[in-house]
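Readers should treat all values here as calculations from the given coordinates under stated rules, not as data from a laboratory. As the structure is a computational prediction, the values presented were derived from the model and not from experiment. Virtual Cβ from ideal backbone geometry, glycine too; neighbours counted across all protein chains shown.
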Amino acid sequence: MKGRKRYILFEVIADESLVAKDVAKAILQRANAMLGEIGMAKSEIKMLSDTWKDNKGVLCVDHRFVDEARSILMSVTQINGKRLTITTLRTSGVINKLKI
């Protein structure tokens, strides 16, 4: 069944600029560890790589898993050995309202 989507605008605070592919991989690995296979399927979590710009991106998730998605973002602390922090800037039901 198709759920209602929420879009989470997030920012990666790091010393260097990062590649969208590496960020998406780290987020999805962490989501799999926290939610498991079934939770991943139910949450429909994915990063929209075409929205990646200036260390900011958009995560798409089912409306019932917004809190879990925020926890996943906060729990990612390093990518490729580089320390970082991910903060949530805004959540919306319409991607155009995020003003990327």
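Laid out as a table, the results:
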read-out: The lone exception for GLU11 - which of (1) within 12 Å of the chain's Cα centre (by Cα); (2) outside any strand (DSSP E or B) it fails; value: (2)
read-out: Test: residue in the stretch 16-23 that is surrounded by 14 or more Cβ atoms within 10 Å (Cβ to Cβ), part of a helix (DSSP H, G or I) and either over 12 Å from the mean Cα position of the chain (by Cα) or on the phi < 0 side of the Ramachandran plot (or both); value: yes
read-out: Residue tally, condition surrounded by 19 or more Cβ atoms within 10 Å (Cβ to Cβ) and of a type in the set (Gly, Ala, Ser), over the stretch 24-59; value: 4
read-out: Hits in the stretch 63-96 - residues which are of a type in the set (A, V, I, L, M), in contact with a Lys or Arg (Cβ under 9 Å, 6 or more places away or on another chain) and in contact (Cβ under 8 Å) with a residue 60 or more places away in the chain; value: VAL66, ALA69, LEU73, ILE79, LEU89, ILE95
read-out: Residue among ARG90, ARG83, ARG70 that is in a strand (DSSP E or B) and farther than 20 Å from SER17 by Cα; value: ARG90
read-out: Total residues in the stretch 36-53, condition touching an Asp or Glu at 6+ places or on another chain (Cβ under 6 Å) and outside any loop (DSSP other than H, G, I, E, B); value: 1
read-out: Check on ARG64, more than 11 Å from the chain's Cα centre (by Cα) and outside any helix (DSSP H, G or I); value: no
read-out: Sole exception among (1) more than 19 Å from GLY93 (Cα to Cα); (2) touching an Asp or Glu at 6+ places or on another chain (Cβ under 6 Å) for LYS56, by number; value: (1)
